[in-house]
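This report refers to the structure that appears directly beneath it.
The values are calculated or read from the model by the stated rules, or taken from the named source; none is laboratory data. Predicted model only: the values in this text are computed from it and were never measured. Here Cβ is always computed from backbone atoms with ideal geometry, including for glycine, and neighbour counts include all displayed protein chains.
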């Protein structure tokens, strides 16, 4: 199969004399070591190799971008929300085992994406990588298709997350006021408000995003500890065999195996997003070195924390 490797080519209108990659040098031998002072030449070299100009300020570092992956993943919180799919389709056992399988599969995918990100740290992500790595004769159509799939995914994912957030707010209102009845239009309006607030924060408070992410990581971690403490100390406990091996088909698919496969949509929705840091690659210092490590670290934390939170929750229902 014909392959097309990343090429070193100049950016039109950009001075690149000091960045030229010498013959026999792949440009990755002099990566910075952790703790060294930031040297912009590494990122300039990567942008030169990608044929792009630097247009964004590089404000993120390792811990801020890893925290971004953890907060955006939101796994232990989301696992409780999406467990409703698995409980009706596969039961507690189906939910646990499909979650483990999904974590393993997605982590292997993240390792591959991290390797590619180390070679081409671009915010374009997958569609750009396809245009670089795919066989030359299919680069354009494949990149076009991947780009559109990513766009459709973002358009669906944004309102979906906003809708879930809106439903959580309305659910809290019903807890405080049992006489309150949720109306359909209220969920729609709350979803619009949630999405609009997120966009406004991303556009107008970008300078403080790293600080906001740091605070979100703290709340995320302490919330997880409080969540586990309440479940482990105060919650009722189910038996281990019943939790891990009691498969169910409450929606009457006719097969517990088929029901479990249907319920896999919950774990997939929970543990998706391992590539999130990629789309901030051009705002990250020493991107080719830091980005893959932050991706792997953030996803490992997400998967471990998500599984612990999910299993703890399923033991207490």
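Computed values, structure above
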{"item": "Evaluation of residue 62 against (1) at pLDDT 95 or above; (2) farther than 30 Å from residue 190 by Cβ (one fails), failing number", "result": "(1)"}
{"item": "Unmet criterion (only one of (1) surrounded by fewer than 19 Cβ atoms within 10 Å (Cβ to Cβ); (2) more than 27 Å from residue 216 (Cα to Cα); (3) at pLDDT below 80) for residue 46", "result": "(1)"}
{"item": "Helices (runs of 4 or more DSSP H) wholly inside region 179-260 that include at least 3 residues being in contact (Cβ under 8 Å) with a residue 24 or more places away in the chain and under 20 Å from the mean Cα position of the chain (by Cα)", "result": "184-204, 209-234"}
{"item": "Residue that is closer than 19 Å to residue 73 by Cα, at pLDDT below 90 and either within 18 Å of the chain's Cα centre (by Cα) or part of a helix (DSSP H, G or I) (or both), where the choices are 294, 281", "result": "281"}
{"item": "Enumeration of residues in region 234-245 that are under 10 Å from residue 91 (Cβ atoms) and surrounded by fewer than 15 Cβ atoms within 10 Å (Cβ to Cβ)", "result": "242, 245"}
{"item": "Residue 68 free of Cβ contacts under 8 Å to residues at least 60 places away in the same chain and either under 18 Å from the mean Cα position of the chain (by Cα) or surrounded by fewer than 18 Cβ atoms within 10 Å (Cβ to Cβ) (or both)", "result": "no"}
{"item": "Test: residue 157 is in contact with a helix residue (DSSP H, G or I) (Cβ under 8 Å, 6 or more places away or on another chain), assigned to a helix (DSSP H, G or I) and surrounded by 11 or more Cβ atoms within 10 Å (Cβ to Cβ)", "result": "no"}
{"item": "Condition met for residue 9 (within 27 Å of residue 212 (Cβ to Cβ), at pLDDT below 50 and outside any helix (DSSP H, G or I))", "result": "no"}
{"item": "Residue pairs meeting the criteria (Cβ under 7 Å; at least 6 apart or on separate chains; first in contact (Cβ under 8 Å) with a residue 12 or more places away in the chain and at negative phi, in region 133-147; second surrounded by 15 or more Cβ atoms within 10 Å (Cβ to Cβ) and not in a helix (DSSP H, G or I))", "result": "142/134"}
{"item": "Options 100, 169; residue that is in a helix (DSSP H, G or I), surrounded by fewer than 20 Cβ atoms within 10 Å (Cβ to Cβ), touching a helix residue (DSSP H, G or I) at 6+ places or on another chain (Cβ under 8 Å) and at pLDDT 95 or above", "result": "100"}
{"item": "Residue that is at positive phi and modelled with pLDDT of 65 or more, where the choices are 73, 27, 91, 67", "result": "91"}
{"item": "Of residues in region 261-278 being farther than 20 Å from residue 85 by Cα and crowded, with 22+ Cβ neighbours inside 10 Å, the one nearest to the chain's Cα centre (by Cα)", "result": "274"}
